[in-house]
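Novice: The structure under discussion is supplied below as structure tokens; questions concerning it will follow.
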Amino acid sequence: MLSVREPGWAPRCTLPGSCSVPGRTTDGLRNNTLLMIGMAVAFGIHLIAMYFPPVQALLRTTSPQLQDWLISGALGSVILVVMEIYKWLRHADEWRQ
């Protein structure tokens, strides 16, 4: 198997924007049923802990306000944008070589 840096390596592209790297899969998240179920269960537990009064009393938590959600969304968006720029720059560097 050729590595990304070896001469002769090239991504397999069948359609624009659909390049794949040997040994990597891009559809793993959608095809991993156990992972999706686990994520849904974890999300449900978080919602119960944040909004169900008996659990709030037990954990001594309060419901997040709109301002809290906006701050969390903004911080998450910054991380997402930075990572996408990093991937774009890394991918552009690989195409130049």
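The values are calculated or read from the model by the stated rules, or taken from the named source; none is laboratory data. Here the structure is a predicted model, which is why all the values come from computation and not from measurement. Here the Cβ is made from the backbone with ideal geometry for all residues, glycine too, and neighbour counts use every protein chain on show.
Novice: If you go through region 58-97 one residue at a time, how many are small (G, A, S), closer than 16 Å to H46 by Cβ and under 22 Å from the mean Cα position of the chain (by Cα)?
Specialist: Total satisfying the criteria: 3.
Novice: Just to be sure, is L59 more than 30 Å from D93 (Cβ to Cβ), at pLDDT 90 or above and touching a helix residue (DSSP H, G or I) at 6+ places or on another chain (Cβ under 8 Å)?
Specialist: Yes; evaluated as a whole, the condition is true for this residue.
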